[in-house]
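Novice: Let me give you the structure first, and then I'll get to my questions.
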Amino acid sequence: MASPSYDLVVIGTGTAASTAASACHRAGWRVAVVDQLPFGGTCALRGCDPKKVLVGAAEAWDHARRMQGRGIAGEPVIRWPELMKFKRTFTEPVSHKREEQFAANGIDTFRGHARFRDRQCIEVDGRSLEGRFILIAAGAAPVRLGIPGEEHLASSTDFLDLEALPKRIAFVGGGYIASEFSHLAVRAGAQVTILQQGERLLTGFDPDLVQQLTEKSRRLGIEIRLGARVEAIERVCAASKKGGALRLDFTAGDGRSSMEADLIVHAAGRAPDLAALDLEAAGIEREDGRLKLNEFLQSTSNPAVYAAGDCAGRGPPLTPIAGYDGRIAATNMLEGNHEKPDYLGVPSVVFTIPALTRVGSLEAEARERGMRLRVRHEVTSSWYTARRVGEDCAGFKVLIEEGSERILGAHLLGPQAEEVINLFALAIRAGLSTRQLGAMISAYPTAGSDVQYMLS
Ligand SMILES: Cc1cc2nc3c(=O)[nH]c(=O)nc-3n(C[C@H](O)[C@H](O)[C@H](O)COP(=O)(O)OP(=O)(O)OC[C@H]3O[C@@H](n4cnc5c(N)ncnc54)[C@H](O)[C@@H]3O)c2cc1C
């Protein structure tokens, strides 16, 4: 049987894949998409969206708790199975809807694992698909830790699907997944431990605000072990292959230790999911484990191949970047290479309660670049926005370039920080000065109206 041939074959059906596939289809191209998992990708099924539904419940719980003695009485309770049922109302329709959308748009869909067969051909479970172009939009996967008992680790996907919340949960790694899930789990009643190899959590965020958040997390009852290197994991009762307690061995400053948990979650980072694509068969080169791409998101060794989103590894691994990359790759395939991604001013949020956010440079990065800085840094738990909702953990740091007064970076912690950071993202992307951003007349009383006090 002859291989069907397309203008574009896309590996993946997440945000990057769907954006590029739709744009190329709208331009009149014949397009096919392939996915080995239910259609829809990480964000909608296993990441941002389901996570924030769960975080929303923890926020409601926390708000009610913080307002005890301030006009609210009664102990709120998170009913995990009911919450998961609510979460599924978001995730369950996704795959079917996404598949229907592809079909309605005339995009051919294939289920199965895709691997390259040659430079312009991929194979999906024994079937070949030829493409004038092939877009790799395969996302990211948890990095391998290479420790004995690694197979006992639960993934973030497993955590987001838990039918019942285990009593004792440990997180290996101290990035955003451990921070967000631990804030959720501790409020839902679990005993939570984070084991982080480095000397602080959330290394991509402002260290002063991370310190404030770490203290808050400890006050909530989350045990945080810094400088703790996980060495091995094993079942306490070796006879039971599934279920039962796990033991985790680790080394910390004070020597070797171990602890038991009912669930141990991999939160030690994700990397481009490229291992099973047979890139060599298509002559697609890699460098330090990442795809070797030019500035147009095109493979430097196979011009028929582009990449977008988490697997491209160019911008931060976030959903808006997957969509942005997908648009840029589509434009370059359709019109010839002329669009380059610009990742300046991409905001990033840790959905703890309260949220920690960042956009633009870290203070240390700006100093390393030799920039002349004015740093506005304050703890804001006494400000109206925090006090009104009983929040004791809030602060900000804004980096301003001396002379031009341009905003170089903003770091916010506190109620609605996840919304307010968008104002700073706009300011940084548009190159606004403190005077221009401060000229905004904002609605009051809103968290956004605090921005003017952060600038002067
Ligand atoms: C727990 C969690 C929480 C997150 N929270 C946020 C958040 O709050 N905000 C935010 O912006 N980002 C968040 N992210 C990151 C965000 O989800 C990703 O950046 C985004 O989904 C990446 O989209 P993508 O299109 O690049 O890849 P994906 O959406 O991951 O899609 C890749 C697809 O490719 C498929 N695939 C891979 N290899 C093959 C193959 N060989 N054959 C066939 N199919 C294949 C996969 O099955 C997958 O469906 C979170 C991620 C996780 C894991």
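No lab work stands behind these numbers, since they all come straight from the coordinates. As the structure is a computational prediction, the values presented were derived from the model and not from experiment. Glycine gets a Cβ as well: all are built from the backbone with ideal geometry, and neighbour counts include every protein chain shown.
Novice: Here is a list of conditions, (1) in contact (Cβ under 8 Å) with a residue 60 or more places away in the chain; (2) farther than 28 Å from Arg132 by Cα; (3) within 11 Å of the ligand (Cβ to nearest atom), and Gly345 meets all of them except one; can you say which number that is?
Specialist: The failed condition is (3).
Novice: What single numbered condition from (1) surrounded by 15 or more Cβ atoms within 10 Å (Cβ to Cβ); (2) touching a Leu at 6+ places or on another chain (Cβ under 9 Å) fails to hold for Gly198?
Specialist: Going through (1) surrounded by 15 or more Cβ atoms within 10 Å (Cβ to Cβ); (2) touching a Leu at 6+ places or on another chain (Cβ under 9 Å) one by one, Gly198 breaks only (1).
Novice: Looking at the structure I just gave you, is Glu231 in contact with a Phe, Trp or Tyr (Cβ under 8 Å, 6 or more places away or on another chain), within 16 Å of the ligand (Cβ to nearest atom) and acidic (Asp, Glu)?
Specialist: no
Novice: Give the residue, chosen from Ile134, Ile122, that is of a type in the set (A, V, I, L, M, F, W, C), surrounded by 17 or more Cβ atoms within 10 Å (Cβ to Cβ) and more than 11 Å from the ligand (Cβ to nearest atom). Steps first, answer last, please.
Specialist: Values: Ile122 fails: more than 11 Å from the ligand (Cβ to nearest atom).
Testing whether each residue is of a type in the set (A, V, I, L, M, F, W, C), surrounded by 17 or more Cβ atoms within 10 Å (Cβ to Cβ) and more than 11 Å from the ligand (Cβ to nearest atom) leaves just Ile134.
Novice: To continue, here is another question. Which condition does Thr214 not pass, out of (1) within 19 Å of the chain's Cα centre (by Cα); (2) more than 13 Å from the ligand (Cβ to nearest atom); (3) of a type in the set (Ser, Thr, Tyr), if it passes all the others?
Specialist: Unmet for Thr214, out of (1) within 19 Å of the chain's Cα centre (by Cα); (2) more than 13 Å from the ligand (Cβ to nearest atom); (3) of a type in the set (Ser, Thr, Tyr): (1).
Novice: Within the set of pairs 6 or more residues apart or between chains, which connect a residue that is touching a residue at least 12 places away in the same chain (Cβ under 8 Å) and closer than 13 Å to Gln101 by Cα inside segment 9-21 to a residue that is near the ligand (Cβ under 6 Å from one of its atoms) and in a strand (DSSP E or B) with Cβ atoms less than 6 Å apart?
Specialist: Taking only residues 6 or more apart or on different chains, the pairs are Thr13/Asp35.
Novice: Picking from Cys43, Cys24, which residue would you name as being within 26 Å of Ala281 (Cα to Cα) and in a helix (DSSP H, G or I)?
Specialist: Numbers: Cys43 fails: within 26 Å of Ala281 (Cα to Cα).
Residue meeting the stated conditions: Cys24.
Novice: While we're here: Considering only segment 163-176, I want to know if a residue exists there that is assigned to a helix (DSSP H, G or I) and aliphatic (A, V, I, L, M).
Specialist: No.
Novice: Given the criterion loosely packed, with under 14 Cβ neighbours inside 10 Å, within 16 Å of the ligand (Cβ to nearest atom) and at positive phi, identify the matching residue among Gly313, Gly309, Gly244, Gly289.
Specialist: Result: Gly289 is the single residue among Gly313, Gly309, Gly244, Gly289 that is loosely packed, with under 14 Cβ neighbours inside 10 Å, within 16 Å of the ligand (Cβ to nearest atom) and at positive phi.
Novice: Does Asn294 meet the test of being surrounded by 19 or more Cβ atoms within 10 Å (Cβ to Cβ) and more than 16 Å from the ligand (Cβ to nearest atom)?
Specialist: No: the conditions fail for Asn294.
Novice: So, one more: Just checking, which of Gly269, Gly244, Gly227, Gly283 is touching a residue at least 60 places away in the same chain (Cβ under 8 Å), small (Gly, Ala, Ser) and over 30 Å from Arg117 (Cβ atoms)?
Specialist: Values: Gly244 fails: touching a residue at least 60 places away in the same chain (Cβ under 8 Å); Gly227 fails: touching a residue at least 60 places away in the same chain (Cβ under 8 Å); Gly283 fails: over 30 Å from Arg117 (Cβ atoms).
Checking each option against the conditions leaves just Gly269.
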